[in-house]
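The structure under discussion appears below in the form of structure tokens.
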Amino acid sequence: MLSTLFNNLRKHSIESKGIDFTGNLIPIIDLEDLRNSEDILYLSSFQELLDFKDTADFAKNNSKARACKKGYPCGASCIATTKNCNKTIDGQAKTYTSWLDLQSKKKSQTPKAKTPKRPRKQTETKKTKAEQERSIKPKFESVDDPQEVNRLLSELMESNVYNAARAWTDVMVARDVYMDTDWTKEAEDKFYKLGVTFTAPQSQIDDAGAIMESIVWAGKRQARSVSPIQNDEKVRVIKAGGKVASAVVYRKDEDEIVVEYLATSLENLTANGGVKGAGTEAMASLVEESIKLGSGGRLKLYALDGAIPFYKKIGFRNYNPDDDDDSEMVLEPKEAQEFLKRVRG
Amino acid sequence: MDNDYLNELENLESGVSAFAANKDKLKEIKDNRKKHKEKQAEDNIPSDSDINESKEI
């Protein structure tokens, strides 16, 4: 029973949200809220999963439970026509006879009201609308002023999503190292209360969090005018809607701009999806900076695995073609200017 | 502006947040964070003697 329930929820999650379950969390779409807010609940134990299956939210949307072929609906499942239902939810019939009455009443209603695919269509419409909202191009702004950069990055670190990332790391440490302590529960409570739903594995959240923390520290050094900051690094924030969309630490080398760190906001790894195009905008602004500083757009960086296809699309190539390690990459002036032309027009 | 190209780039960057960093440096940062978290965890957990004392009370 548990595996069927789990598979139903997993299937629904993939179909309606495009999200598969990751790590050892069991994400369950709160089916009622889905129509309104796209929230996802993360349930931490199988017991919670079992409890959830008895709720009206699950039953109302579990197509298997509703489409009874032999019996009639009772709670989240079907029972035989000879039995009475003691777990009715949301106006369900208690007996087979009363269920038949309900069916004949429904038949007298208009066909539109009983179209079976209606809930699915509503969800799809909602998703399309959300996608449309996300596809509206945000207005990006580059921020170089050290005090403003520091302020924006400090604000970012206090945001829900970064608090959640830190709390989630606490959960992992508590689970891995001290499995039987109250501290694990305390860490989990703290994480769940923040209500952030990550859609990426822990390793990606860790990488992104660590990079952004390094950028934040560079921003602090720059704001304190510890001059010159390490290796003449500069910190730039790409802002959208008053918030940090992406941030970068870079320095001018002899023939190029070297990108030390680049990360977009962790919101990109949540159910909200973050701001689209924040990475592209950061790269375009760095190419412009490289041209301005006399390097013709040339950039060099160490790419992280998940971003390599993105860099290749921009025109980056392996810095050492004979080397097996393809993470060290370079963008030559010709490709840089072509990229800029296509992005800026 | 090439909108198709922009959309392709947006798709490639979607679901990614960590874009660039020297892997050795990144490993060092993550190791330090983990050690720090483990230290915090240790500080939050009562020692065996504390637990025994509270049981006696």
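The table that follows gives values for the structure above.
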{"read-out": "Residue within the stretch A:199-210 that is touching a strand residue (DSSP E or B) at 6+ places or on another chain (Cβ under 8 Å), modelled with pLDDT of 85 or more, at the interface with another protein chain (Cβ under 10 Å from one of its Cβ atoms) and farther than 21 Å from B:A21 by Cα present", "value": "yes"}
{"read-out": "Failed criterion for A:A210 (all others in (1) part of a helix (DSSP H, G or I); (2) touching a residue at least 24 places away in the same chain (Cβ under 8 Å) hold)", "value": "(2)"}
{"read-out": "In the stretch A:159-197, the residues that are more than 24 Å from the chain's Cα centre (by Cα), of a type in the set (A, V, I, L, M, F, W, C) and buried (at least 16 other Cβ atoms within 10 Å of the Cβ)", "value": "A:V177, A:W183"}
{"read-out": "Single residue of the stretch A:136-158 satisfying the filter (touching a residue at least 40 places away in the same chain (Cβ under 8 Å) and within 14 Å of another protein chain (Cβ to nearest Cβ)) that is surrounded by the most Cβ atoms within 10 Å (Cβ to Cβ)", "value": "A:L156"}
{"read-out": "Some residue of the stretch A:219-235 being touching a residue at least 24 places away in the same chain (Cβ under 8 Å) and facing another protein chain (nearest Cβ under 10 Å)", "value": "no"}
{"read-out": "Count of residues meeting criterion [facing chain B (nearest Cβ under 9 Å) and under 19 Å from A:V216 (Cβ atoms)] in the stretch A:167-198", "value": "2"}
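The values are calculated or read from the model by the stated rules, or taken from the named source; none is laboratory data. Fair warning: this is a prediction, and the values are worked out from it, not measured in the lab. Ideal geometry is used to build each Cβ from the backbone, glycine not excepted, and the neighbour counts take in all protein chains shown.
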